[in-house]
Amino acid sequence: MSLTIRDLQFLDWSAIALELGDCETICLRGESGSGKSLLLRAVADLIPNEGTLELDGQDREEIPPTQWRRNVAYLPAEILWWEDTVGAHFGEPPTESDLSRLRLSSDAMGWAPSRLSMGERQRLGIMRMLDRNPKVLLLDEPTANLDEAASEVVENLILGYIEKRSACAIWVTHSQSQAKRVGNRLFLMKGKSVHPCTEEVAWE
Amino acid sequence: MNAAIGLDYWDIAFSATIVAGLGILLAYYRLGVTRSLVVASVRLVIQLQVIGYVLKFLFAEGKLVYVAAMAFIMLLVASREIVARQKHRLKGWGSFGLGASTLFVSSFAVGLFGLLVVVKPDPWYLPQYAIPLLGMIMSNTMSAISLSMDRLTSALVDNRAIIEQRLALGQSAREATLPYLRDCIRTGIMPVVNSMATAGIVALPGMMTGQILAGASPTEAVKYQIIIWFFIAGGVGFGMATALKLLEMRLFDKRQRLRLDRFA
């Protein structure tokens, strides 16, 4: 899978260009409020934007918006639930082994969403996203509410998915060690624009 | 037919003492609605006096162009009322245009059907029939349109984050808004359904009461009331469906993105 972003413009931002190849993950760092989620939502075509977005060379205008978003999946920082049970949010509910791998109870699918802890919301949110078999993942701090050990499990799950499906990802993170573990390249978000940068500059 | 008992201005003045008493009571408890009550009462008296003379003129003249002008004014006032009841309004004239066009299509269509096919006065625009018929359909349709539009926009504004996450999972705009849409249609249509179901048992409908007071036979009056309710139900239902469809088209763009930025 490849994602090409050219001249992407939204609100009063400078045009953004990014290129993601097969199995590639780029990490994005930026101060809070720098607009990382705006960028991810623009790429998912959830907010008005202009410019070229291509998935495997196919322009987004040629792809219906619902299909685009199923392929280019946005994982928000805060996951919300609206159906009566967790399971009702899934097309194909995850198996027990999937659940236990993420240290989730095997009957979590029958739970009311209000029962979920922050960490459970986040892990189930990731499963809910992967359930749609996306080709590009736009991850807004996917491990923000998780402890060290759970973070690692989630990282491995996502990296494993990227590997298996030849997917690619834009991964917003604040953690230098996580960026090192999961990212192929690093970008910094500053002054309403995105710049490639080195580890030293990003975490100076 | 025996004509209704005429009322003179003293009768109205005596009736007004009831409202005056209520105003004093409300003022005593400092509920802050006395002023509104007084303004509303004065408006009621003036507006109805004026409309009485306007209708008298219309009935005497009986020209199509006057009936059309009256219908147009009713449409403008009702559309303005729809906009006034919206918590979130479309920028510019958006909400007014949406309300006016929907109200026009639904209530005029049903009204014309009633005049041309069912009641068939001669001429078909006979103001004694056309104006009250249109008025009853339009006022009910207006309430339903404004209520459902306001509810849908408010629901989408309040649940914008959920809608966006639904869209992010690949749901269509329709799928993401369906639960809210259902709720709106239900709240819009229920008052009419309830009124139809209890008509005559709990309260005698206003129009029927009027006809009976004017000396019409009750069995004739009920027939009119029945067709009026059918027309109202049609106007309300079709009007609301059109309004919500048009509103949905403004709430989402062609890439099915939620566009709350279109609201002021």
On Cα atoms only, tilt of B:127-158 relative to the major axis of chain B in degrees: 30 degrees
Hits among lysines - C-alpha to C-alpha of A:Lys36 under 23 Å, sequence gap 8 or more where chains match: A:Lys135, A:Lys180, A:Lys190, A:Lys192
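Could you give the Stokes-Einstein D for chain B in µm² per second, using the C-alpha Kirkwood radius, 20 °C, 1.002 mPa s? Don't skip to the end; give the middle numbers.
Numbers: Rh = 21.1 Å.
Value of D from the Cα-based Kirkwood radius: 102 µm²/s.
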Overall form of the protein assembly as shown per C-alpha gyration tensor (a/c, 1.5; a/b vs b/c): prolate
Least to most buried among A:Ile170, B:Ile82 (fewest other Cβ within 10 Å first): B:Ile82, A:Ile170
Unit charges at the beta carbon, dipole of the stretch B:56-199: most positive-side option, B:Leu112, B:Leu167, B:Leu181: B:Leu167
Residue-averaged [θ]222 nm for chain B, counting only DSSP H segments that reach four residues, each worth -39500 (n - 2.57): -25000 deg cm²/dmol
Anisotropy class of the stretch B:1-108 from Cα gyration tensor, a/c 1.5 cut: oblate
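Within 10 Å of each Cβ in A:80-88, how many Cβ atoms from other chains are there, averaged over the peptide?
2
Within 10 Å of each Cβ of A:37-44, how many other protein chain Cβ atoms are there on average?
So the per-residue partner count for this stretch is 1.
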Sequence-distant lysines (8 or more away, or on other chains) whose Cα lies within less than 16 Å of B:Lys254: B:Lys245
Electrostatic dipole magnitude of chain B [Cβ: Lys, Arg +1; Asp, Glu -1; Cα centre; debye, to 20]: 1060 debye
Placed amide H near A:Phe187: partners under 5 Å, 5+ positions off or other chain: A:Cys27, A:Leu28, A:Arg29, A:Cys197
Student exercise, the protein assembly as shown dipole from Lys, Arg, Asp, Glu Cβ charges, in Debye to nearest 20: 1420 debye
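Is the shape of the stretch B:1-61 rounded, prolate or oblate, going by the alpha carbon gyration tensor and its root eigenvalues a ≥ b ≥ c, with a/c under 1.5 for rounded and a/b larger than b/c for prolate?
In terms of gyration-tensor shape, oblate.
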Fewest-first sequence of B:Glu248, A:Glu24, B:Glu61, A:Glu120 by Cβ atoms within 10 Å of each Cβ: B:Glu61, B:Glu248, A:Glu24, A:Glu120
Largest-first principal axis extents of the Cα set of the stretch B:70-118 (Å): 39, 17, 15
C-alpha center-to-center spacing [the stretch A:155-204, the stretch B:185-253] in angstrom: 60 Å
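Quick one: work out the % antiparallel among DSSP beta bridges in the protein assembly as shown, nearest 5. Write out the running numbers ahead of the final one.
Working: 17 of 36 bridges.
Percent antiparallel among DSSP bridges in the protein assembly as shown is about 45.
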Sorted by Cβ density within 10 Å, fewest first, the residues B:Phe104, B:Phe230: B:Phe230, B:Phe104
Shielding by partners, peptide B:257-264 (average Cβ within 10 angstrom, other chains): 2
Inter-part distance where the stretch B:87-138 and the stretch B:72-86 are each reduced to a Cα centre, Å: 12 Å
Calculated from backbone phi, Karplus (6.51, -1.76, 1.60) coupling profile of the stretch B:7-24 in Hz, x at Gly/Pro: 10, 9, 5, 5, 4, 5, 4, 4, 5, 5, 4, 4, 5, 4, x, 4, x, 5
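Laboratory data are not the source of any read-out in this text; all were calculated from the coordinates shown. From a predicted model like this one, the values you see are computed outputs, not experimental measurements. As a convention, Cβ positions derive from the backbone with ideal geometry for all residues, glycine included, and neighbour counts pool all protein chains shown.
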